[in-house]
C-alpha cells in the first residue's frame with residue numbers, strides 16, 4: 001500500500017487541539033494512531049511540522065497529514081488451527097481454546113492467538129500502521145470462549161468504542177466451589193494491582209482501584225459446586241475470577257484466586273466466554289455469537305449431575 005496524503009482546512013472560529021480535530025475528521029484512525037503520526041512528524045500545520053499533539057489549530061489553518069504505508073510485522077504467522085465462529089473483511093470472532101495466550105508477551109513469543117490469526121487471515125490491513133490483527137479484548141490463557149479480533153484500524157477503533165461505552169454484552173459460564181450468598185446478584189468491588197504480587201490483581205479498599213461490576217445467576221446446583229452465568233459490566237483484568245472469589249465461591253481450578261488444589265480433576269479453571277452480543281461496523285442490528293462448552297467441561301458437568 002502506498003502512502004496516503006490528506007489535506008484539510010480548519011474552518012471553525014474556535015481553536016481546537018490538533019489531535020482532537022484530526023480524530024473527528026479521520027475517524028477511521030484511533031486517537032493513539034493520530035498522536036503517533038503527529039509525534040513522528042507526519043502532520044504539518046501551515047507547512048510546518050506540528051510541535052505537539054496538543055497544539056491548537058485556528059480558523060484558516062491548513063493541515064497536511066501523511067499516512068505511511070502499513071509496515072510488515074515482525075510477528076511470524078503460525079499455522080495453528082482456529083475455531084472461527086464468524087469472519088468478514090473487518091473482524092474475526094474466534095472460539096479460543098484454553099491454554100492459548102492471546103497476545104505475544106514476555107515468555108510467550110510463539111503459539112499465540114495473534115500468530116494463528118496472521119496465518120489464517122493474510123488479508124489483514126493492519127492496526128496502528130503494522131500488519132497485524134487488532135486485539136479488542138482479552139481472555140486469560142486458561143479461559144476458553146469467544147474473542148474478537150479486528151482486521152483494520154477502522155474496525156479496531158469501532159469495536160473499542162463499543163466496549164468503552166459498555167454496549168457489548170458478554171456472558172460467561174463459571175463452575176464455582178460452594179454456593180453464592182444468593183441465587184443471583186450483583187457484585188460491586190473495585191480492582192487494582194496486588195501490592196504483594198505485581199503480576200496479580202486484587203480487590204481494593206474503597207476509594208482505590210478501578211470500579212468493577214459483575215452480575216451472576218445460578219444455572220445449576222450440585223452437591224458442592226454451582227454453575228453460574230456471569231455478565232461483567234466492566235472489563236477489568238481477572239474481574240470474574242476475583243469477584244466470585246470475593247463472594248466466597250471461587251472458580252473451580254483457579255489456583256491463583258481460589259483453592260490452591262482444585263476440588264475437581266482439572267488442568268484449567270472452569271471459565272468459558274459463552275455468548276457475545278455486539279454491533280459490528282455498518283450494521284443496524286446487534287450480532288449474537290455463541291460458543292458451546294468445550295468437551296472436557298461438558299464431561300465434568302455430566303459427572304457432577306450423575307453424582
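For region 4-67, divide the Cα radius of gyration by the Kirkwood radius and give the resulting Rg/Rh value with two decimals.
Across region 4-67, the Cα-based Rg/Rh ratio is 0.91.
Just rank 172, 10, fewest to most, by other beta-carbon atoms within 10 angstrom. Before the final figure, lay out each step's value.
Numbers: 172 24, 10 19.
Ascending Cβ contact count within 10 Å gives the list 10, 172.
Could you pull the Cα extents of region 239-307 along its three principal axes, largest to smallest, in whole Å?
Reported extents, whole Å, longest axis first: 48, 29, 18.
How would 115, 103, 261 line up from fewest to most surrounding beta-carbon atoms within 10 angstrom?
If I rank by nearby Cβ atoms, fewest first, I get 261, 103, 115.
What does region 160-226 give for Rg and for Dmax, in Å, if only its C-alpha atoms count?
Cα radius of gyration and Dmax of region 160-226 are 14.9, 42 Å respectively.
Using label points projected 7 Å from each Cα along Cα→Cβ, tell me how many nm separate residue 215 and residue 55, to one decimal.
So the two model labels end up 4.8 nm from each other.
Counting helices only, and only those DSSP H runs with n ≥ 4, report the 222 nm mean residue ellipticity of the chain as the sum of -39,500 (n - 2.57) divided by its residues, in deg cm²/dmol to the nearest 500.
-5500 deg cm²/dmol
Please work out the C-alpha center-to-center distance from region 210-240 to region 246-293 and express it in whole Å.
Going from one Cα centre to the other spans 8 Å.
Measure of size requested: the Rg and Dmax of the chain, with Cα atoms as the atom set and Å as the unit; please supply both.
22.5, 76
What are the semi-axes of the equivalent ellipsoid of region 158-307, taken as the square roots of 5 times the eigenvalues of the Cα gyration tensor, listed largest first and rounded to whole Å?
Values for region 158-307, descending: 25, 22, 13 Å.
Out of all DSSP beta bridges with both ends in the chain, state the antiparallel percent to the nearest 5.
95
Using R₀ = 45 Å, calculate the FRET efficiency as 1/(1 + (r/R₀)^6) where r is the Cβ-Cβ separation of residue 222 and residue 3; round to 0.05.
FRET efficiency, residue 222 to residue 3: 0.15.
Which whole-number percent of Cα pairs in region 196-243 have a distance greater than 13 Å?
65
Coordinate-derived values only; no laboratory data. Quantities reported herein were computed from a predicted structural model and do not represent experimental measurements. When we count neighbours, we look across all protein chains shown, and the Cβ atoms used for this are built from the backbone with ideal geometry, even at glycine.
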